[in-house]
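Just so you know, all these numbers are worked out from the coordinates, no wet-lab data involved. Since the structure is predicted, the reported quantities are computational estimates derived from the model, not experimental observations. As a convention, Cβ positions derive from the backbone with ideal geometry for all residues, glycine included, and neighbour counts pool all protein chains shown.
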Amino acid sequence: MMRFLLLFSRQGKLRLQKWFTPLTDREKKKVIRDMMMLVLARQPRSCNFLQWRDLKIVYKRYASLYFCVGLESQDNELLALEVLHRYVCELDIIFNFEKAYFILDEFLMGGEILETSKVAVGVSMEEADTLQETMEEYMSKPAY
């Protein structure tokens, strides 16, 4: 089970965070700070797996962004890398921040993989977009 997923830039700016286990704000800030320090300090050709406390840390750099996942000790690191890759392939983080969380919620639920099909996630996104457009159209009409 995934405990958290963090997305941050090379400059150390947090772009996205998703927590699958309850933590206090103070604990979350400490985890974020520790992950940034550990991952950003690593050499570019280093292994993408780390051991931190009782968790396995899996990270991957795409362009100037780092995707970092905290896994329980019995989880598969390669599967986590695949989930990150699937997520990145669907992601438009810069321009559609709300969609980034929507896509993540379609892929993962409670830290477990919910859906592996990019087609199914795409269909869900199209349905959500259609619903949003319908609601915006409905709300823009005057109520007499």
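From the cross-link list Lys28/Lys118; Lys29/Lys60; Lys13/Lys60; Lys60/Lys99, which pairs have alpha carbons spaced over 19 Å apart?
Over 19 Å apart, Cα to Cα: Lys28/Lys118; Lys29/Lys60; Lys60/Lys99.
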Using Cβ counts within 10 Å as a stand-in for footprinting exposure, how do Met135, Met36 rank, fewest first?
Met135, Met36
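About its Cα centre, how strong a charge dipole does the range 1-133 have in debye, to the nearest 20, once Lys and Arg get +1 and Asp and Glu get -1 at the Cβ?
So the dipole magnitude of the range 1-133 works out to roughly 1100 debye.
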Angle in degrees between helix 77-90 and the longest Cα principal axis of the chain, rounded to the nearest 10
30
Helix 25-40 vs. the chain, principal-axis angle (Cα, 0 to 90°, nearest 10)
60
Two-site label geometry, Val119 and Phe49: point separation in nm, points 7 Å out along Cα→Cβ
3.2
Gain upon complete extension [Glu136, Asn76; 0.36 nm per residue less C-alpha separation]
17.4 nm
Computed over the chain, the relative contact order (Cα-Cα under 8 Å, seq sep at least six) in percent reads 22
Which Cα, out of Gly122, Thr134, Leu79, lies furthest along the positive dipole direction of the chain (beta carbon charges, K/R +1, D/E -1)?
Leu79
Within a Gaussian network of the chain (alpha carbon springs, distance under 10 Å), most fluctuating of Glu27, Glu106, Glu82
Glu27
Placing unit charges on C-beta atoms (Lys and Arg positive, Asp and Glu negative, everything else neutral), compute the dipole magnitude of the range 25-90 about its Cα centre in debye, rounded to 20.
360
For Asp34, Asp75, what ranking results if the residue with the fewest other Cβ atoms within 10 Å of its Cβ goes first?
Asp34, Asp75
Using a 10 angstrom cutoff on alpha carbons, build the Gaussian network for the chain and name the most mobile of Val119, Val88, Val58.
Val119
Report the one residue of Met35, Ser9, Thr21 whose Cα lies farthest in the direction of the positive end of the charge dipole of the range 1-60 (charges on C-beta: Lys and Arg +1, Asp and Glu -1; origin at the Cα centre).
Ser9
With label points set 7 Å from each Cα along the Cα-to-Cβ direction at Gln17 and Glu98, the distance between them in nm comes to 2.3
Looking only at Glu133, Glu72, Glu115, which one moves most when the chain is put into a Gaussian network model with springs between Cα atoms under 10 Å?
Glu133
